[in-house]
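Structure first, commentary second.
Taken together, the values in this text are just the output of simple stated rules run on the coordinates, not laboratory data. Being a predicted model, the structure only gives us computed values, none of them experimental. Neighbour counts are summed over all protein chains in view; Cβ atoms, including those assigned to glycine, are modelled from backbone coordinates with ideal geometry.
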Amino acid sequence: MSIKRQNGLWFAAPAVLHMLVFAVIPIGYALYLSFFKWRPLVGEMEFVGLGAYAKILSDSSFWKSIWNSSVFTVASVPLGAAAALGAALLLTQRLKAAGFFRTLFYLPAICSQIAISMMWIYIYLPKTGLINMSLQMVGLSGETDFLNEPKLAMASLVFMSIWVGLGPKMILYMAGLMNIPQELNEASELDGAGPWYKFRKITLPLLGPTTLFVIVTSSIAAMQIFAPIYMMTKGGPDQATDMVGYHIYVEAWAKLNFGTAAAQSFILFAVVLVLSLVQLRMMKSQLEGWGAA
Amino acid sequence: MPRKESATKSAALHLTALLIGLFVAAPFVLMVLISLREPSTSLPQFSELIPEQAHWENYSQVLFMPEIPVLRFLFNSLLVTSVIVICQLFICSLAAYAFARMVFRGRNQLFLLVLMTMMFAGTVTQLPVFLMMRSVNWLDTYWALIIPGISSSFNIFLLRQFFLQIPKSMDEAARLDGASDWRICWSVVVPTSKAALATAGAFTFFAVWTDFFWPLLAVSSIRMRTLEVGLSIFKNSYGGTNWPLQMTAAVIVLLPLVIVFLAAQKFFVRGVTMGSVK
């Protein structure tokens with residue numbers, strides 16, 4: 001064909017330029033910053049090389065925040081995925097008003113995290129909070145201060161995260177369930193398979209790619225959780241909910257140690273990068289399937 | 001062989017759905033109920049949850065509060081969110097068209113870069129971008145709130161996936177009529193992707209409207225705050241004492257989100273699954 005075609009680079013240029021300025025260069029800049037001991041408001045900037053990283057290695061409160069993030073991720077991701085799968089299984093049954101429930105289950109995910117945090121602070125309040133009022137109704141004490149008990153605070157955040165993240169994962173599972181060929185289910189029913197057997201041997205294995213996708217994307221988000229901690233616990237009580245995203249925020253904006261914060265964010269970046277590469281691999285096989293990667 | 005489902009099984013399913021629905025809806029319902037209580041009263045017991053008298057004037061009181069400019073926050077949020085949504089739809093559509101339809105050197109490498117930035121933006125870029133904004137004196141201006149958000153790798157990816165599914169024969173026909181890529185992009189591909197644009201636009205609206213971390217850093221004077229950051233100030237200045245007004249403010253923040261969500265939600269199912277594995 002002799003039709004003159006325009007150069008696609010011009011079409012992509014604004015987006016690519018934006019990506020360079022606001023993603024690629026900042027990542028490089030953060031790496032550069034992490035080699036300095038830098039406290040801008042104090043006016044101190046000193047090259048320390050890998051010094052910041054060496055300091056972080058022995059900083060037990062930073063590792064405590066990594067540990068907390070890992071606990072939060074390991075607890076909230078599988079529970080969240082299981083809840084979403086349950087909801088998806090339910091809504092793909094013959095159900096009146098399935099569309100209404102789908103909309104409702106999705107709602108928390110689009111909401112303001114600050115508004116949601118305020119809501120859940122109320123739910124977790126001692127005495128007058130929703131949960132404690134319910135406990136009093138059935139004759140229990142109702143004095144539990146969920147967000148101020150070291151052991152309960154983390155569990156409370158995990159529980160809330162399941163409520164928040166239900167919808168998008170559920171939609172992914174619904175799509176996955178609809179892709180399972182109906183003949184497989186029918187064939188196994190003819191063979192006399194019960195529902196539990198069918199779920200374990202057909203549904204769950206065929207949902208494998210969906211589950212992997214759900215787990216990886218929600219782990220990336222869980223490792224970086226910030227707003228609920230800022231609003232609800234401030235990392236407390238006694239550092240019990242100090243997760244790495246919040247820890248870095250405090251290092252940079254409360255203690256004003258920009259160099260250390262940059263080094264810490266690079267360590268978080270490395271963790272997220274590994275998770276992202278897994279996700280990228282999965283997406284690449286899909287892109288090749290569409291013939292245009 | 002479709003079997004007739006037994007009535008008990010169906011009833012159990014509906015009951016389960018209702019129970020989960022109650023669990024999801026309860027916080028929202030409580031929020032509205034508390035927002036209608038008389039300001040600065042103590043929190044209700046179960047039996048008093050439904051206020052004897054609905055204090056709708058709480059809403060006007062919060063909107064026109066003398067010490068906290070809530071209307072200004074609302075204006076800032078509307079301005080920043082709408083400019084970003086429009087810019088993103090324009091910039092990302094162009095890039096998505098290039099990645100889906102055009103051939104150029106470095107296309108695959110650039111697209112890989114798009115995918116990578118889509119997945120690991122976040123904590124690491126915030127401090128450097130803040131310093132960049134400071135060095136061009138954009139802190140505490142709309143520029144700082146808007147410019148870092150005017151393009152998004154996620155939307156480039158999302159729109160590209162939709163564009164790929166539009167049959168090539170459509171643009172070939174236009175091309176034979178002498179249309180340029182620019183024309184094909186804006187009068188063939190984009191108009192056929194209304195669902196995709198609605199999804200991308202709505203996701204962007206939610207993300208920008210509820211963004212907290214960046215506006216918290218980027219602006220410092222109270223008149224530049226967005227609603228989301230304003231809400232956190234509200235909580236701090238009423239620190240757990242005036243729940244009805246706090247909840248009123250929270251409802252005001254949530255309402256635009258719910259409206260956009262209900263208007264655009266039929267497109268979502270496709271939008272959310274688009275970025276996943278098949």
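Would you call B:Leu89 assigned to a helix (DSSP H, G or I) and closer than 18 Å to B:Pro215 by Cα?
no
In the list B:Leu43, B:Leu30, which residue meets the criterion of being at the interface with chain A (Cβ under 7 Å from one of its Cβ atoms), out of contact with any His (no Cβ under 8 Å at 6 or more places or on another chain) and in a helix (DSSP H, G or I)?
Working: B:Leu43 fails: in a helix (DSSP H, G or I).
Checking each option against the conditions leaves just B:Leu30.
Residue by residue through the stretch B:188-231, note down the ones that are within 12 Å of chain A (Cβ to nearest Cβ) and out of contact with any helix residue (DSSP H, G or I) (no Cβ under 6 Å at 6 or more places or on another chain).
B:Phe203, B:Ala207, B:Asp211, B:Phe213, B:Trp214, B:Ser220
Please work out which residue is nearest to the chain's Cα centre (by Cα), limiting yourself to the stretch B:101-113 and to residues that are more than 7 Å from chain A (Cβ to nearest Cβ) and in contact (Cβ under 8 Å) with a residue 12 or more places away in the chain.
B:Phe111
Specify which of the listed residues (A:Leu95, A:Leu90, A:Leu107) is in contact (Cβ under 8 Å) with a residue 24 or more places away in the chain and within 28 Å of A:Phe213 (Cβ to Cβ).
Selected residue: A:Leu107, the only one of A:Leu95, A:Leu90, A:Leu107 that is in contact (Cβ under 8 Å) with a residue 24 or more places away in the chain and within 28 Å of A:Phe213 (Cβ to Cβ).
Would you please name the residue that is farthest from A:Val138 (Cα to Cα), looking only at residues in the stretch B:40-54 that are surrounded by fewer than 17 Cβ atoms within 10 Å (Cβ to Cβ) and not polar (S, T, N, Q)?
B:Ala54
May I ask you to list pairs of residues, at least six apart or on different chains, whose Cβ atoms are under 7 Å apart, with the first in the stretch A:259-272 being within 10 Å of chain B (Cβ to nearest Cβ) and the second being of a type in the set (Asp, Glu)?
A:Ala261/A:Glu251; A:Gln264/A:Glu251
Just a yes or no: is a residue in the stretch B:76-84 outside any helix (DSSP H, G or I) and surrounded by fewer than 22 Cβ atoms within 10 Å (Cβ to Cβ)?
no
Among the residues of the stretch B:115-151, which ones are away from chain A (no Cβ under 11 Å) and buried (at least 21 other Cβ atoms within 10 Å of the Cβ)?
Within the stretch B:115-151, B:Ala144, B:Leu145 meet the criteria.
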